[in-house]
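Contents: one structure, followed by commentary.
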Amino acid sequence: MKRKLLSVVLCAGLVVSVMAGCGSKSGGDSEAASDMDYVKEKGTLVVGITNFEPMDYKDENGEWIGFDADLAKEFADSLGVEAEFVEIDWDNKILELEGQTVDCIWNGMTLTPEVTSAMECTDSYLANAQVVVVPADVADQYQDEESLADLNFAAEAGSAGEAELEARELNVTPVTAQADALMEVAAGTSDAAVIDLLMAAAMIGEGTSYADLTYTVSLNSEEYGVGFRKGSDLTAELNDFFAKAYEDGTIQELAEKYGVHDMLVK
Amino acid sequence: MAILEVQHVSKSFGNKEVLKDISFSLEKGQVLSLIGSSGSGKTTLLRCLNFLERPDGGVIRVNGETLFDAGDAVTGQESEIRKKRLHFGLVFQSFNLFPQYTALQNVMLAKELLEKEKPDYKWRKKEIHAQIEAEAKELLDQMGLSDRMDNYPHQLSGGQCQRVAIARALALKPDILCFDEPTSALDPELTGEVLKVIKSLADQETTMIIVTHEMAFARDVSSQVIFMDDGHIMEQGTPEEVFINPKKERTKQFLSRYTEG
Amino acid sequence: MEFSEQLPIVVQALNQGFLQTLKLFFVTLLGAIPLGLIISFGSMSRFRPLSYLTKIVVWIIRGTPLMIQLLIIYFMPGLMGNNIWGGGESGRFLAASVAFVFNYACYFSEIYRGGIQGVPKGQEEAGLVLGMTKSQIFFKITLLQMIKRIVPPMSNEIITLVKDTSLARIIALQEVIWAGQSFMKGNQGIAGVIWPLFFTAVYYLIFNGILTVLLGRLEKKLEYFR
């Protein structure tokens, strides 16, 4: 009896997972040709973001603004739909897209191989770098890549920074967020962290809890792009939109406003 | 006419036959004592009368009305059983008072729930409640508990609890009041007060069936005694017949254990 | 920014986050308390297929992490081609509520089962011979005795629930810990600040303190009988 019960349960579990597998595939295929229609039909472009100054953040009225947020609003306008911003857990961004709970990820997203293989990504629109963060009092010892060999690093799991460290065979402790990586350095549990240049500029130094931290070496330069569901026709649409917005100066204007003009991709 | 007629009642639990062809009758105002060793089927018989168990065979009649007939499925219908139960009252060995209610509330609860189902309850709510309360107080008074009405069961002694339980059963004015070893869970010094109450009920000609191990009490209070052994009625008669001149060897054996002990 | 300038901004954000925490907490209680009773009746049913089915469901829900259940409930419909929750905050809250209500109902059902089965059989029999119906017996006799039995274990679960609501972060429900963390990443001009995250603990502590007092009072109130 018990063995029978167990096999029934296992079968049920199998059926559910197989159905889920098929479902995601067929869902992906059928949506692919009509993702733009799907968005237009429901009238909203749901943009998956995190609170990430100066890309996506809230003004004093609670309105989402920022370089990415403002551009996303313009893009939604061009489609004739509303942009709706939703804060997501960054670890789940692919789940959010495939589960149709958001329509795109537009949040200073680095185009890593993982990202480009899982999403239909646009051409890059900003260039960023991964920088090494160390305590300010020892910063002068770590001004080149050779000096990093013996350090223990913290980096966000799955981030471009982690990938760069692993490529150089340095010691990495993966943590859940870039902010956690900073806390590791501040608390002395790691010697150094690798985070986005953008993040580093906003989060460390005077007036933060990390006044004693600074950033030194850039490990690479990298590119930011917007991700849609695999096979989505919105990717091409947004590439066209970027081209036009660059042409008429909208992008340059926004970049100036949010202080990212040095990072613009020509 | 007999108030209670039991004919050929049988009952099995699995393969074990605990009641075998039980037949007897009881006149109004009589007291019947059921004696016998534990496991002889006395308690099961009481539970069958109160529809806590369903007999496999036989017929049970009260005042000529057939309450149960194993051959007639209609009499076993769940919806009918509730009303039929009210012909009987049952006092348990372990009292089974409701712990969250006071002595008075324990006595009043069932009656109030029954009255609530009547169509005129809404208009006469207060009047009905007052009447139930008065009756309950009188019953508790009769049990010698007039100063214990507002106590909760855990504040009462075992003997007091059992007297509340008797009042609770009496509140519904059953035709026949059954006792399932009413003093077995009590300390010896407390059995007297409960037996006294039962005796006074017998004096008022309350029809009762008492399962008991108190032989002296059974002899004193009963108009009829049944000795049960292994699911059978072994011997049946007046207290004199069963206690003083038992015919069966098995009865003598059983009784000798009590007189010697 | 000075600490004194940060404080009102942080407190306001944490208050807002804690409001979500409280909402999820109360919705879960309101849903799981009655649903748990239904599930406990299912698992005690004499109709074997029903009781087996309920027991399997309870086993699955209690045997897997709530975090996985949240992910499955929120993302699975969309992955199978039909997102029923929408993408906004209300959809996330709804999905989290469903997961929490179901999860806690299963835990509650086992507590209820223990509570109901702990009431002596004689109580039901006493009600039956007094001509009461099954439902009268349940509501007038068994229920309160059961409540008395389950208050201590339920208090434990309820206090755990307060803290478990933070798991809803996995589907980006912006409860108090999310709000605290936002100041590390940067929020309203405050970035790289750690203390708000640790400060969220104070919210949990105070709320659980209030709950402990209230549940303790309830337990005391039921001490009038044994």
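Over the range A:130-220, calculate the relative contact order: mean separation of alpha carbon pairs under 8 Å at least 6 apart, over the residue count, as a percent. It rounds to 45 percent for the range A:130-220.
When you restrict to C-alpha pairs under 8 Å that are six or more residues apart and normalise by the size of chain A, the relative contact order lands at 25 percent. Rolled with a 1.4 Å probe across the full set of protein chains, the surface gives C:Trp59 an accessible area near 140 Å².
For chain B, the longest piece that avoids every one of the chymotrypsin sites (Phe, Trp or Tyr not before Pro) found in DSSP loops with at most 16 other C-beta atoms within 10 Å covers B:124-261.
On a C-alpha basis, how far is the centre of the range C:90-149 from the centre of the range B:191-261 in Å? Whole number, if you could? Using only Cα atoms to place each centre, the spacing works out to 43 Å.
Close amide H partners of B:Phe68, meaning residues 5 or more places away or on another chain with modelled amide H under 5 Å apart, are B:Ile60.
Springs between Cα atoms under 10 Å define the GNM used for chain A, and in it the highest mean-square fluctuation of A:Leu254, A:Leu111, A:Leu97 occurs at A:Leu254. Sum up the charges of everything whose Cβ sits under 13 Å from the Cβ of A:Asp191, counting Lys and Arg as +1 and Asp and Glu as -1, but leave A:Asp191 out. Computed value for this residue: -3. Helix C:143-164 axis versus longest C-alpha principal axis of chain C: approximately 20°, rounded to the nearest ten.
Coordinate range of the alpha-carbon atoms in the range A:130-220 per principal axis, descending: 34, 28, 23 Å. Only helices enter the 222 nm calculation for chain C: every DSSP H run of n ≥ 4 contributes -39,500 (n - 2.57), and dividing by all residues gives -26000 deg cm²/dmol, rounded to 500.
Here is the list for the range A:51-93: GluC sites (Glu not before Pro) lying in DSSP coil, each with at most 13 other C-beta atoms within 10 angstrom of its C-beta, are A:Glu60, A:Glu63. Take every pair of alpha-carbon atoms less than 8 Å apart whose residues are at least six positions apart; their mean separation over the length of chain C yields a relative contact order of 28 percent. What angle do you read, to the nearest 10 degrees and between 0 and 90, between the alpha-carbon axis of helix B:249-260 and the longest principal axis of chain B? Relative to chain B, helix B:249-260 is tipped by roughly 60 degrees.
Here the accessible area of the range C:3-225 is 69 percent carbon and sulfur, with a 1.4 angstrom probe and all protein chains present. The charge dipole of the range B:174-261, taken about its Cα centre with unit charges on the Cβ of Lys, Arg, Asp and Glu (plus for the first two, minus for the last two), comes to roughly 300 debye.
From the Cα gyration tensor of chain B, with a ≥ b ≥ c the square roots of its eigenvalues, which class applies: rounded if a/c is under 1.5, or else prolate if a/b is larger than b/c, or else oblate? Oblate is the answer for chain B, as a/c is 1.5 or above yet b/c matches or exceeds a/b. For C:Gly31, the shell of other residues with beta-carbons less than 15 Å away shows a net charge of -1, using +1 for Lys and Arg and -1 for Asp and Glu. Note on the range B:19-122: Cα convex hull, mean projected area over all directions, 9.3 nm². With q set to 0.09, 0.11 Å⁻¹, the log10 of I(q)/I(0) for the protein assembly as shown, from the Debye formula over equal scatterers at the Cα positions, is -0.88, -1.15.
The values are calculated or read from the model by the stated rules, or taken from the named source; none is laboratory data. Every value quoted in this text rests on a predicted model; they were computed, and no experiment measured them. Counting neighbours? That spans all protein chains shown, and the Cβs are built from the backbone with ideal geometry, glycine included. Note: areas computed on protein heavy atoms with side chains; ligands, DNA, RNA excluded. Shrake-Rupley method; radii C 1.70, N 1.55, O 1.52, S 1.80 Å.
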